[in-house]
Each structure stands twice: as C-alpha cells, then as structure tokens.
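Participant: What follows is a single structure, and I will ask about it in a moment.
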Amino acid sequence: MYNLAAVLGFPVSHSLSHKIHNFWLRKTGTNGHYISLEVAPSTLPYTLEVLPRLGFAGVNVTIPLKQSVLPLTDSMSDLVRRVGASNMLTFTKAGIRADNTDVYGFTWNIMQQIPKWRPGRAAVLGAGGAARAIIVALQEGGAHSVFVANRTRERADAMASTLGGDINVVDWKDRHEMLQGCDTLVNATSLGMHGNSPLNLVLDDLPEDAVVSDIVYSPLYTPLLASAKARGNRTVDGLGMLLHQAVPAFEAWFGTRPAVDRELRELVLST
Ligand code: NAP
C-alpha cells in the first residue's frame with residue numbers, strides 16, 4: 001500500500017510538517033509520501049473533494065484554514081468541538097473526519113520531558129488559536145484553575161465563555177501578578193518569536209517549582225525560557241509540541257506509531 005498525505009495552508013512554505021512525516025516514513029520503512037500544498041480558502045472545498053479521490057489518506061490543516069475547514073467535514077471529535085478548530089482531517093469511507101492533535105501535542109511534549117507534570121493552577125498568555133487548544137489540554141489534564149491574560153481582553157473573555165470551565169481572565173497589564181501560586185505557565189502568544197516584539201513578563205511572583213512552557217519555537221530557546229531556567233524553573237520548549245502533534249496523524253494515515261526522538265528534533269532544527 002502506498003499512502004499519501006499533505007499539509008494544507010495559505011501560505012504553507014513555513015510549515016515543517018513535510019520534514020517530520022517524511023523523516024518517519026524513511027525511518028519506519030513505510031511506503032508513502034507527504035507534501036505541502038498551498039490552498040487558498042476559496043479553493044478549500046474543491047481540494048477536499050479531490051484529494052480523497054487521488055488516494056490521499058488525510059491532511060493536516062494550518063493557518064488560516066483550521067476553523068474554515070469545519071463546515072466541510074462529515075464528523076468531528078469532541079476535542080474539535082471544544083477547541084473550535086481542527087488541524088487533522090482523515091479521509092474515510094464515511095467521509096471526512098476532523099481531529100485536533102494540538103491538544104495532544106501540547107500535553108505530550110511536557111509529559112515526555114516531565115513525566116510527573118500535572119497542570120495544577122495554570123497561567124496562560126494569549127487567546128489565539130493555539131491558546132484555545134492549550135487551555136483545553138490543561139483542562140483535560142486536570143488543571144484546578146486557569147488564569148488567562150491577553151492583550152485584547154475581549155478576545156480572552158470570548159474564549160473563556162465558549163470554552164467554559166474555571167477560566168479567570170486577567171487584564172494584560174496584570175499578567176505579572178497573575179503568576180502568583182501557579183504550577184504551570186504557558187506563553188501562547190507570538191511574542192518572543194523571531195521578528196516579533198519580546199515578551200515582557202516579570203517572573204518574580206512565579207513559584208520556583210512551576211513548569212514554564214513557551215510554544216514559540218523560533219528561536220528554540222526563548223528569552224522567557226532563559227529567564228525561567230535561570231531562576232530554577234523547569235522549562236519546556238515549543239518544538240516538541242509541533243513534533244508530538246504529528247504522531248496521531250502519522251499513525252492514522254500510515255499505520256505505524258512513530259517516535260519523537262533526538263534525531264527528529266535535530267533534523268527539524270537544522271532546517
Ligand atoms: P494567533 O491566533 O494569531 O494569536 C496570536 C496571539 O498572540 C494572540 O493572543 C495575540 O493577542 C498575541 N499577540 C500578538 N502580538 C502581540 C503583541 N504585540 N502584544 C501582545 N500580544 C500579542 O496565533 P496562534 O495560532 O495562537 O499562534 C501563537 C504562537 O504560537 C505563534 O508564534 C505560533 O507560531 C505558535 N504556535 C506554536 C505551535 C507549536 O506546535 N509549538 C502550535 C501553534 C502555534 P491579541 O489577541 O491581542 O491579538
């Protein structure tokens with residue numbers, strides 16, 4: 001059997017998914033190929049009609065298609081419903097099924113490095129697409145409470161009311177004090193990414209045993225992670241989330257569960 005899969009995005013040139021999946025295809029000796037396809041939102045319905053007929057097993061979906069894809073699917077997981085976005089579609093005999101593996105990717109990235117991690121009381125910066133998946137992951141992982149600060153407060157308020165559960169929205173200017181008593185801190189904004197402004201966050205109130213995760217992975221070692229590490233916090237970089245979110249997709253489409261290992265990290269970092 002020769003399976004095909006792809007990542008759809010607009011633009012798609014930034015995506016590293018083809019590197020990850022083609023590495024695993026080679027490593028596991030699996031017959032198949034994974035490609036990047038630039039798909040404008042207007043051509044998404046046509047693309048999703050054609051790809052299954054061409055023999056594709058499924059696709060990843062990235063910005064800006066993660067939400068617009070939903071009405072084009074035939075079924076979706078509970079996680080997709082909760083997050084309101086999908087990053088993985090599988091073409092089945094019963095139609096297109098939508099899943100969300102960002103939730104899995106966030107959790108397993110931390111669990112691989114800190115197996116005993118529990119979210120506890122969590123602080124999240126950001127209220128974009130990634131933050132939504134991360135908050136659902138924290139809730140699924142048993143967080144007692146989640147505190148969220150976002151530059152645009154209304155966006156955080158709207159997110160909190162659609163996600164439900166114990167989510168406390170804090171003004172952006174009060175983000176530093178929000179860290180008091182937190183067990184987990186996550187930067188889910190694009191601040192700190194190459195080409196963007198740095199994240200201005202005073203860590204004085206963050207307990208020293210808190211776990212700090214930054215989902216920005218370019219640079220890999222963000223200033224937030226450097227400051228957290230310097231004061232004794234355990235840190236988790238964002239590259240692993242990208243790698244782990246690909247695991248369930250590869251398994252579903254190519255039939256083998258792949259490993260996230262040092263060789264894969266080095267390959268992706270070298271690009
Ligand atoms: P998004 O939906 O565009 O959200 C961007 C977030 O960053 C919003 O909360 C936005 O606040 C905030 N932000 C942007 N500029 C800001 C500024 N100057 N000051 C304060 N806040 C600012 O993007 P996303 O999809 O959530 O992605 C966010 C980041 O996560 C990106 O860097 C992306 O590359 C990364 N990411 C990583 C992974 C991974 O696997 N590691 C997965 C997904 C995303 P406003 O609401 O106020 O605009």
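The values are calculated or read from the model by the stated rules, or taken from the named source; none is laboratory data. The shown structure was predicted, so the numbers you read here are calculated from the model rather than taken from an experiment. Cβ: placed from backbone, ideal geometry, glycine included. Neighbour counts: every protein chain shown. For accessibility, only protein heavy atoms count, side chains too; no ligands or nucleic acids. Shrake-Rupley method; radii C 1.70, N 1.55, O 1.52, S 1.80 Å.
Participant: Go through segment 49-74 and count every residue that is among the small types (Gly, Ala, Ser) and open to solvent by 50 Å² or more (accessible area, probe 1.4 Å).
Facilitator: Residues of segment 49-74 that are among the small types (Gly, Ala, Ser), as a first pass: 55, 57-58, 68.
Now restrict to residues that are open to solvent by 50 Å² or more (accessible area, probe 1.4 Å): 68.
Residues that pass the stated criteria total 1.
Participant: Say whether the condition of being over 24 Å from the mean Cα position of the chain (by Cα) and open to solvent by 10 Å² or more (accessible area, probe 1.4 Å) is met by at least one residue in segment 9-25. Explain how you work it out, then say what you get.
Facilitator: Keep residues of segment 9-25 that are over 24 Å from the mean Cα position of the chain (by Cα), which gives none.
Among the residues of segment 9-25, not one is over 24 Å from the mean Cα position of the chain (by Cα) and open to solvent by 10 Å² or more (accessible area, probe 1.4 Å), which makes the answer no.
Participant: Among the residues of segment 229-248, are any touching a strand residue (DSSP E or B) at 6+ places or on another chain (Cβ under 9 Å), open to solvent by less than 50 Å² (accessible area, probe 1.4 Å), within 9 Å of the ligand (Cβ to nearest atom) and part of a loop (DSSP other than H, G, I, E, B)?
Facilitator: Checked segment 229-248: at least one residue is touching a strand residue (DSSP E or B) at 6+ places or on another chain (Cβ under 9 Å), open to solvent by less than 50 Å² (accessible area, probe 1.4 Å), within 9 Å of the ligand (Cβ to nearest atom) and part of a loop (DSSP other than H, G, I, E, B).
Participant: For segment 185-205, which positions are surrounded by fewer than 18 Cβ atoms within 10 Å (Cβ to Cβ) and within 8 Å of the ligand (Cβ to nearest atom)?
Facilitator: Answer for segment 185-205, where residues must be surrounded by fewer than 18 Cβ atoms within 10 Å (Cβ to Cβ) and within 8 Å of the ligand (Cβ to nearest atom): Ser190, Asn196, Ser197.
Participant: Further question on the same structure: Inside segment 249-270, can you point out the residues that are assigned to a loop (DSSP other than H, G, I, E, B) and more than 30 Å from Leu203 (Cβ to Cβ)? So that I can check it myself, show each step before the final result.
Facilitator: Looking only at segment 249-270, we keep the residues that are assigned to a loop (DSSP other than H, G, I, E, B), and these are 255-261, 270.
Within segment 249-270, Gly255, Thr256, Arg257, Pro258, Ala259, Asp261, Ser270 qualify.
Participant: Check off (1) surrounded by fewer than 22 Cβ atoms within 10 Å (Cβ to Cβ); (2) of a type in the set (Gly, Ala, Ser); (3) in contact with a helix residue (DSSP H, G or I) (Cβ under 7 Å, 6 or more places away or on another chain) for Ala40 and give me the number that stays unchecked.
Facilitator: Failed condition: (3).
Participant: Taking Tyr46 and the conditions (1) more than 14 Å from the ligand (Cβ to nearest atom); (2) under 23 Å from Arg265 (Cα atoms); (3) open to solvent by 30 Å² or more (accessible area, probe 1.4 Å), which numbered condition does it fall short on, given that it satisfies the others?
Facilitator: Just one mismatch for Tyr46, condition (2).
Participant: Yes or no: segment 8-24 includes at least one residue that is on the phi > 0 side of the Ramachandran plot and assigned to a loop (DSSP other than H, G, I, E, B).
Facilitator: no
Participant: Now a separate question. Give the residues of segment 216-228 that are aliphatic (A, V, I, L, M) and open to solvent by less than 30 Å² (accessible area, probe 1.4 Å), sorted by residue number.
Facilitator: Val216, Leu224, Leu225, Ala228
Participant: Search segment 209-222 for residues that are closer than 14 Å to Gln113 by Cβ and pair each with any residue that is open to solvent by 30 Å² or more (accessible area, probe 1.4 Å) and modelled with pLDDT of 95 or more when their beta-carbon atoms are under 6 Å apart and the residues are at least 6 apart or on different chains.
Facilitator: So the pair list comes out as Val211/Arg234; Val212/Thr235.
Participant: Here's another thing I want to ask about it. Suppose the filter is at pLDDT 95 or above, within 14 Å of the ligand (Cβ to nearest atom) and of a type outside the set (Phe, Trp, Tyr); does Asp209 pass it?
Facilitator: Against the criterion (at pLDDT 95 or above, within 14 Å of the ligand (Cβ to nearest atom) and of a type outside the set (Phe, Trp, Tyr)), Asp209 does not qualify.
Participant: Here is a list of conditions, (1) under 23 Å from the mean Cα position of the chain (by Cα); (2) without any contact (Cβ under 8 Å) to a residue 40 or more places away in the chain, and Ala188 meets all of them except one; can you say which number that is?
Facilitator: (2)
Participant: For segment 78-106, give me the residue count where each residue is open to solvent by 10 Å² or more (accessible area, probe 1.4 Å), away from the ligand (no atom under 16 Å from the Cβ) and either free of Cβ contacts under 8 Å to residues at least 60 places away in the same chain or among the aromatic types (Phe, Trp, Tyr) (or both).
Facilitator: 9
Participant: Let me ask something else about it. I need the full set of residues from segment 26-42 which are over 24 Å from the mean Cα position of the chain (by Cα) and within 11 Å of Leu65 (Cα to Cα), in order please.
Facilitator: Ser42
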